[in-house]
Amino acid sequence: MTEHEHYEAVVVGAGPGGAAAAATLAQHGVETLVLERGADAGSKNVSGGLIYAEESAPYTIDQLFPGFREGAAERPVDEYYIHNIAGEKVETFDLHDIHHHDTEWCDAVLRRKMDSWLAERVHEMTRETGGGLLTGVRANGLLREGGKIVGVTFDELDPITADVIIAADGVNSELARDAGLMDWEEPEDWFQGVKAVVDMPPEAINERFDVADDEGVAHLFSGDLFEGVRGGGFLYTNEDSLSIGTVFHLDSLSVERAEPHELLDSLLTHPLLAQWFQGEYHEREYAAKLVPDSKKVAHPSPHRGRLLLVGDAAGQMQAQGPIIKGMNHAVTAGGLAAEAFAEAKSRGNEEAAGTLYQQKLESEGVMDQLRPTRYRATRFLSESDAVNSIGSSLLDSAVGTAGIKLFDGLLEKSFNSPFVLGMIPDTKLSYVTVPTRIAEVLGDPVYDENDVEPPALDDRIGDLTYDVDDPHIEVLDNSFEASGTAVTACPVSAKDFGGGCYREETVETNGHEEKKVSLDTQPCVECGTCAVVADTHWEHPSGGKGVEFKQG
Amino acid sequence: MPEIDPTEHDIAELGPKIKDIDDEQELEEMLAMEKGGEGRAPVITLIEDRLEKVGGEDEDADPSEADLTDMTIADIANMIRDVEDIEVLRDILEREKEGKDRKGAKSQLEKKINNLEEDDEDREEVEYVPPEEKHPDLKHPTADKLYVEGTVDGEYRDMWVYCETQQGELLDVSREMLGKTRELMDGYNDDYDEDEDVIAVLIGDGVDDLTEECLAYGADRVVYHDDEQLTRFQHAPYTEIFCHMCRDWEADWRDYHEPRYTVFPATNNGRDLSALVQGELDSGLASDCSGLYIESADISNPAKTGRPGETKTFEKILHMKRPDFSGFEYSTILCIDKPHRDFHPQGASVIPGSFEIPEAEPEPEGEVVEHDLDLPEEWFQTTVTEYDQLDEGVDLTGHDVIVAMGRGIDRVDPTKGIELGLELTDQFEDAGFGLSRGVITASYEFGGHVEQYITEERQIGESGQVVEPELYIAAGISGAVQHKVGMDESDTIVAINTDPEADIRDFSDYFIEGDLFEVLPRLTEALAEGKLGAAIAEASDD
Ligand SMILES: Cc1cc2nc3c(=O)[nH]c(=O)nc-3n(C[C@H](O)[C@H](O)[C@H](O)COP(=O)(O)OP(=O)(O)OC[C@H]3O[C@@H](n4cnc5c(N)ncnc54)[C@H](O)[C@@H]3O)c2cc1C
Ligand SMILES: Cc1cc2nc3c(=O)[nH]c(=O)nc-3n(C[C@H](O)[C@H](O)[C@H](O)COP(=O)(O)OP(=O)(O)OC[C@H]3O[C@@H](n4cnc5c(N)ncnc54)[C@H](O)[C@@H]3O)c2cc1C
Ligand code: SF4
């Protein structure tokens, strides 16, 4: 047996899940080492950015990290609206009730600032235990002895063994994949989130959104502005910028061969947004990342041996209708995993940590939030095409229209019900058709003119910071059939664009023409999309390499 | 009644339990119970220890500020038990005199002061026993070293820098070290009102060409040994030569025993040399440092001061900062003389990239000294029979002309496109052939004869090479910023592109809107006839 450096606990990833786990471990006096692949914590991370503290949650971020809201967050978000859009007609619902349901507070965040703030504290706390936090280190697999997981291997360091390994390495978790707990096969298991951070001076935000210095607002968008792709848009106010983005079902995005950056542009240039931009648009950063859909992939038993998965790595990302809750669940799971280990250790049975963690997820009600039984019951019925088309024709009929008119108030109410949202099926009906019909029937037209010009894709890439390295993604099958979807679905690639990651090429071989794709990983923003939609061998770049987000 | 009756428990059980008891009263009672019972000695000690700890906690008063009027004589006696500073004790005594003026208290204090004063006088130097006598059981490899004897209170001067070279050029780290040591020695000369130098050491074949450069980067003097046998770094001759330089008492430019400081690069060869040289010079080495500064240091280690309990200030100490293995912390390493043995030169090896490369002085002044020594054959018993040079690759800088091809070549046939580019390149006397990244990462299948050209070594741009030729011809390249930064300093840029809106148009001098498969052959032809200028001007839209 080779001697490896050993820690009681190793945490991979310093996002909210890893930070919460490490802080809780440190509080229990567990010797903890945290490893993060970004050159700085947060430099790899993207989120929409509303972080919730739920009243019922056993762990919240500000409870683990006092001063979080003042030090790491942007504006508190109190108001919450959804706009149903049909062409230029818009019907707005106030989602105040669902937003405040079980919510202690909710703040907008930018991940670079948030995660690096957390990392400083995590480093202080874990150092006390004899560990610490190291950035620029990428875990590349699990270390096994006699078939059992005993540690983690890295690009930059010798393998390290631990009594517990907490994989908080986010979506596309290489450790979860190595353990055989997650695969990246089905597009329907994921969303793709794309986002722009847009400059806006604080005074302008206050005035245009009618908020005070320490107030903020959230706007959601759904309807027919996304070419029929299932999903929606969001706009959140930060201190001196806006986070505007889209979240789409990856299967829908793939099938429709939609270009994510164009869908984002449809939102940015919609007349409804003119009132806020007032003709000015300066984009600070373009970013993207996959988002797991907990309803489908939240792992019911997210552990194997000494390995415990938390947060996106375990698929614990809850889309409650239009409300996206990933960061808060990652915090809760991180806390519970740590607590489970500390408890197992005090009983002298560290092996039990995984089972205890799973029990805690269930007894604290986390699992039921992530995978509601109601959803499982309704899904198969309503996601089938038959139901879909019956639904659509019903909506189009006179009865449907009358119904919508009649139930105006009721509709707004049902959007505000966590129970109803929990069972909304993922069909075009609920994402596109219903909101569009609502707007058509109830909406008022917007007459503003929105003439902002979002940057072209090559400029968006050009504005990002990269530390390029050898390719971290390999296309295994470069035929168009196998991997062509990535040309459109990759947020930094597009049809007829030579400067992206995936490019469609016509190659002549032995006299006949063939469509192929080629890949250059340099513009890659590491979103994970092509790991699912193309035939690739997909890894993250080595520590500190690749894209560096400044906002996140 | 205490919660725990010690007489009912084993000592093993009591240990952890007693730790949690904070009440003095309770402990006293337990002590009494144990004494009244079996009176087990370890249990009594355990309780007494805890009592002392608990009792001690609230007596933390600072002796120099404690209010004596509140204290009993016993309290005062207790308080001063650990006070070693005579000044503090005198101050307490004064305050007692002004205050309650208790005889008992004063005598306690006076007695303690007397004791300490005597102690001070008694404190003698530690007797020196040479290591050979002290540890006869150990080997003493330095015992028979010619120079070790007598290195006590030696004379040391100057900062010596080993300037490593590669392929007849200084490594960047050599320049970095010269810059840093220059700065250190300027500060040193100011602070200590001295006039000591930065000495650059060059060893190798053809290093005499580099002496001027060493002066330009900050050396006052260069000592070099140039010999064709020294083409490759080898342990024996390099170490021997370096050490001989350090102790070359014959040399007329110097009048000291050995260097005060030595600095080496923490490269593969530099690490080897630093360890061998510092060992041979019988001093220490702080390896892999990332920070250096010179300051005095207060040391109380009796091994260094010679008198226990005494703090001595050592001047002119090189502070060598190095990261520990985790990278979390730094240690600062000092190399300090002992009473009976000097540790000089104070030596460090420095991680490349730790310091900035300074601006080179255009007309440097300084002395250059050739080191004079015959190199005996036995230093060359090892010979290098084989070596591999890492491929240097294609260098596109320095050409008059660059012809670069982009993804526009796939419109007809990529192989043909490359051929056309190569043909054009051949027409110039001094031209290089470059590519956009778009071509290199494409899935095109090239014909065997042009495939060898499709390598990353020919990439121009942000993550490739940066070129500034007189003429840059870009065919089928869109002009992405990442490509632009690699070529837009070229004198004249000619772009050939079918798309009149292509970004490259914004920074081209001539823009030819057209299919490269037609335009390139025409340019090649015009060039063969010596009419390139005219052809470009005619075809260009700008
Ligand atoms: C556009 C978009 C909008 C979103 N909106 C919201 C929202 O409004 N509210 C909300 O709560 N959630 C939102 N989410 C989801 C949320 O961002 C995630 O659920 C959350 O970040 C998950 O936290 P985590 O700690 O599990 O993982 P992450 O935050 O992804 O952290 C994982 C960390 O691990 C590191 N890492 C990964 N692999 C390795 C490796 N091999 N070695 C070392 N380190 C590694 C990463 O660099 C990263 O720092 C959104 C996501 C997107 C993309
Ligand atoms: C971090 C990073 C680093 C990068 N580093 C580099 C780098 O160092 N160097 C580099 O080059 N790129 C680099 N890139 C890639 C860069 O962004 C572009 O993708 C690349 O330069 C595009 O190559 P291209 O101009 O050949 O292809 P395209 O952008 O596809 O352009 C092809 C052009 O050819 C024209 N064309 C088509 N047919 C014809 C024809 N028959 N005749 C004439 N013209 C025709 C088209 O109109 C088009 O303008 C980097 C990217 C990133 C993100
Ligand atoms: S190459 Fe793959 S991982 Fe990278 S940005 Fe495109 S889709 Fe995302």
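Of everything in region A:455-472, what is open to solvent by less than 70 Å² (accessible area, probe 1.4 Å) and of a type outside the set (D, E)? Give them in sequence order.
Selection gives A:P455, A:A456, A:L457, A:R460, A:I461, A:G462, A:L464, A:T465, A:Y466, A:V468, A:H472.
Inside region B:514-523, can you point out the residues that are charged (D, E, K, R) and either open to solvent by less than 20 Å² (accessible area, probe 1.4 Å) or within 9 Å of ligand 2 (Cβ to nearest atom) (or both)? I'd like the intermediate steps shown before the answer.
Of the residues in region B:514-523, the ones charged (D, E, K, R) are B:515, B:518, B:522.
Residues satisfying the conditions are B:D515, B:E518.
Restricting attention to region B:317-333, report how many residues are open to solvent by 60 Å² or more (accessible area, probe 1.4 Å) and either in a loop (DSSP other than H, G, I, E, B) or touching an Asp or Glu at 6+ places or on another chain (Cβ under 6 Å) (or both).
2
Go through region A:120-144 and count every residue that is closer than 28 Å to A:S56 by Cβ, more than 14 Å from chain B (Cβ to nearest Cβ) and open to solvent by less than 20 Å² (accessible area, probe 1.4 Å).
Here the count works out to 0.
Can you give me the number of residues within region B:412-440 that are crowded, with 21+ Cβ neighbours inside 10 Å and within 14 Å of another protein chain (Cβ to nearest Cβ)?
Result for region B:412-440: 7.
What number goes with the only condition from (1) at pLDDT below 95; (2) surrounded by fewer than 22 Cβ atoms within 10 Å (Cβ to Cβ); (3) within 23 Å of A:A196 (Cβ to Cβ); (4) of a type outside the set (G, A, S) that A:W117 does not pass?
In the conditions (1) at pLDDT below 95; (2) surrounded by fewer than 22 Cβ atoms within 10 Å (Cβ to Cβ); (3) within 23 Å of A:A196 (Cβ to Cβ); (4) of a type outside the set (G, A, S), A:W117 misses (1) alone.
Among the residues of region B:442-468, write down those that are within 14 Å of another protein chain (Cβ to nearest Cβ), open to solvent by 60 Å² or more (accessible area, probe 1.4 Å) and touching a Ser or Thr at 6+ places or on another chain (Cβ under 8 Å).
B:E445
Restricting to helices (runs of 4 or more DSSP H) lying wholly in region A:215-331: which have 2 or more residues that are out of contact with any Phe, Trp or Tyr (no Cβ under 9 Å at 6 or more places or on another chain)?
Numbers: elements: A:250-255, A:260-268, A:274-277, A:294-297.
Filter on region A:215-331 gives A:250-255, A:260-268, A:274-277.
For region A:153-170, check the following and say yes or no: at least one residue is within 14 Å of another protein chain (Cβ to nearest Cβ) and touching an Asp or Glu at 6+ places or on another chain (Cβ under 7 Å). It would help to see each step written out before you state the result.
Taking region A:153-170 first, the residues within 14 Å of another protein chain (Cβ to nearest Cβ) are A:154, A:156-158, A:160.
Checking which are touching an Asp or Glu at 6+ places or on another chain (Cβ under 7 Å) leaves us with A:158, A:160.
Among the residues of region A:153-170, at least one is within 14 Å of another protein chain (Cβ to nearest Cβ) and touching an Asp or Glu at 6+ places or on another chain (Cβ under 7 Å), which makes the answer yes.
What tally of residues in region A:502-547 results from selecting those that are within 16 Å of ligand 2 (Cβ to nearest atom), under 25 Å from A:G38 (Cα atoms) and aliphatic (A, V, I, L, M)?
Residues meeting the conditions: 3.
Is there any pair with a first residue in region A:14-26 that is away from every other protein chain (no Cβ under 14 Å) and a second that is within 16 Å of ligand 3 (Cβ to nearest atom) whose Cβ atoms are under 6 Å apart and which are 6 or more apart or on different chains, and what are they?
A:G15/A:N45; A:G15/A:G170
At pLDDT 95 or above, away from chain B (no Cβ under 13 Å), open to solvent by less than 20 Å² (accessible area, probe 1.4 Å) and under 28 Å from B:K484 (Cβ atoms), is that true of A:A531?
Working: at pLDDT 95 or above: yes; away from chain B (no Cβ under 13 Å): yes; open to solvent by less than 20 Å² (accessible area, probe 1.4 Å): yes; under 28 Å from B:K484 (Cβ atoms): no.
It is false that A:A531 is at pLDDT 95 or above, away from chain B (no Cβ under 13 Å), open to solvent by less than 20 Å² (accessible area, probe 1.4 Å) and under 28 Å from B:K484 (Cβ atoms).
Would you be able to tell me the number of residues in region B:489-511 that are crowded, with 19+ Cβ neighbours inside 10 Å and in contact with a Leu (Cβ under 9 Å, 6 or more places away or on another chain)?
Within region B:489-511, residues that are crowded, with 19+ Cβ neighbours inside 10 Å and in contact with a Leu (Cβ under 9 Å, 6 or more places away or on another chain) number 5.
Of the residues in region B:214-240, how many are crowded, with 22+ Cβ neighbours inside 10 Å and either of a type in the set (A, V, I, L, M, F, W, C) or touching a Lys or Arg at 6+ places or on another chain (Cβ under 8 Å) (or both)?
Number of matching residues: 7.
Which is within 21 Å of A:A456 (Cβ to Cβ), in contact with a strand residue (DSSP E or B) (Cβ under 9 Å, 6 or more places away or on another chain) and either within 16 Å of ligand 3 (Cβ to nearest atom) or not in a helix (DSSP H, G or I) (or both), of B:D499, B:D541?
Working: B:D541 fails: within 21 Å of A:A456 (Cβ to Cβ).
The match here is B:D499.
Using the structure shown, decide if A:A482 is within 29 Å of A:N172 (Cα to Cα), out of contact with any strand residue (DSSP E or B) (no Cβ under 7 Å at 6 or more places or on another chain), of a type in the set (A, V, I, L, M) and within 14 Å of another protein chain (Cβ to nearest Cβ).
Numbers: within 29 Å of A:N172 (Cα to Cα): yes; out of contact with any strand residue (DSSP E or B) (no Cβ under 7 Å at 6 or more places or on another chain): yes; of a type in the set (A, V, I, L, M): yes; within 14 Å of another protein chain (Cβ to nearest Cβ): yes.
So A:A482 passes the test.
Contact list please: Cβ distance under 6 Å, first residue in region B:480-496 and more than 14 Å from chain A (Cβ to nearest Cβ), second residue open to solvent by 60 Å² or more (accessible area, probe 1.4 Å), pairs at least six apart or on different chains.
B:E489/B:E468; B:S490/B:E468; B:D491/B:E470; B:T492/B:D509; B:I493/B:D509; B:V494/B:Y510
Would you list the helices (runs of 4 or more DSSP H) that sit entirely within region A:1-116 and hold 2 or more residues that are of a type in the set (G, A, S)?
Working: elements: A:16-27, A:61-64, A:68-71, A:96-100.
In region A:1-116, A:16-27 are the helices (runs of 4 or more DSSP H) which contain 2 or more residues that are of a type in the set (G, A, S).
Are there any pairs with C-beta distances below 7 angstrom linking a residue in region B:391-411 that is within 14 Å of chain A (Cβ to nearest Cβ) to a residue that is more than 12 Å from ligand 2 (Cβ to nearest atom) and among the aliphatic types (A, V, I, L, M), with the two at least 6 apart or on different chains, and if so which?
B:M405/B:I418; B:I409/B:I418
Go through (1) within 16 Å of ligand 1 (Cβ to nearest atom); (2) in contact with a Gly (Cβ under 7 Å, 6 or more places away or on another chain) for A:A494 and report which single condition fails.
(1)
The values are calculated or read from the model by the stated rules, or taken from the named source; none is laboratory data. What you see is a predicted model, and the numbers here were worked out from it, not measured in a lab. Cβ: placed from backbone, ideal geometry, glycine included. Neighbour counts: every protein chain shown. Each accessible area value is taken on the protein alone, full model and side chains, heavy atoms only, with ligands, DNA and RNA left out. Shrake-Rupley method; radii C 1.70, N 1.55, O 1.52, S 1.80 Å.
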